[in-house]
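Reviewing the structure listed below.
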Amino acid sequence: MKKGLGKGLNTLFSEDLTEKDLNGIIEVKLTQVEPNANQPRKSFDADKLETLSDSIKEHGVIQPIIVKEITNNRYSIIAGERRWRAAKLAGLDTIPVVVREYSEQAVMEIALVENLQREDLNPIEEALGYKELCDTYDMTQEQISSKIGKSRSAIANAMRLLSLEDEFQKRLISGEISEGHARAALSLDAFELREFLINQVIKNQLNVRQTEILAKQLQKGIKQKAPKQPDIYEIEIARLQERLSADLGTKVTIQNGAKKGKIEIEYYGNDDLERILNLINK
């Protein structure tokens, strides 16, 4: 997470355990520990879990997990579910824990922050985490922004992904499309157009910019009440434009017409012009 912990959470939660915590580490049976039902992360990479399990078999659980006591000798995980799962996979009977007391809302905030820091959440899990804070704890997007350390607009954009149909959300979760692709699809009102757009993204491996161009073409078709097949050639021009910009290290614009077109290459000063000319000569 680029901006780090949100205001207040920096002191609320840290896995950099204090001396008091270290003195308070206890070993409990794995069967006494259960995942947090409100944990935003729902999926765990099997290969990464297996790798962590192998490490635990050799070295043990180096860092204790953080838990909350829910009943006598029963604990709910606040942070460290992945370690708990890997320890079970490794065949351990016990796991080191540090017991802390937090409200249910604080536990939810902590779980969300921990996963965001480790980039463990897929975009839909992240959006569902924000939704849980809004629905269950009546938090506004502005309040979540302050707690989590992300801009309000980033949180709003993330939550908009939940308005996508389930089949498109699954493609986002699987990594077939990115958040940028999904946001471009959200600009289209009709399901059929969103479906066509996303299928084109996957089939032609369109980047986000190309997808936005295609979405605008489809949207223009809606306004004209006569949706037309998008011009794939224009998408290829956009791809070439991006490639030239990357190769030359400056903005390149291709204006393509029916009979003629032109290429504009920006430069900034004589030295930059000489640099670009040398690249072209090569």
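FYI, it's all coordinate maths here, none of it is from the lab. Everything quoted here is computed from the prediction, not taken from an experiment. Because the Cβ atoms are built from the backbone with ideal geometry, glycine has one as well, and the counts that use them run over all protein chains shown.
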**Study point:** Approximate spin-label separation Gln205-Gln255, in nm, with each point projected 7 Å along Cα-to-Cβ
**Key:** 3.2
Exercise for review: Enumerate the aspartates and glutamates that Lys220 could reach by cross-link, defined here as Cα to Cα under 20 Å, with residues fewer than 8 away along the same chain left out.
Suggested key: Asp189, Glu192, Glu195, Glu212, Asp231, Glu234, Glu236
Study note, to complete from the structure: Quick calc, Glu264 & Ile173: beta-carbon distance into FRET formula, R0 41 Å, rounding 0.05, result 0.55
Point to revise | Assigned charges on the beta-carbon of Lys, Arg, Asp, Glu; segment 165-230 dipole about Cα centre (debye) | key: 400
Check your understanding: Which value does Rg/Rh take for segment 165-230 over its C-alpha atoms, Rh per Kirkwood?
Key -> 0.95
Exercise for review: Principal axes first, then extents: for the Cα atoms of segment 143-199, list largest minus smallest coordinate on each axis, whole Å, largest first.
Suggested key: 38, 23, 16
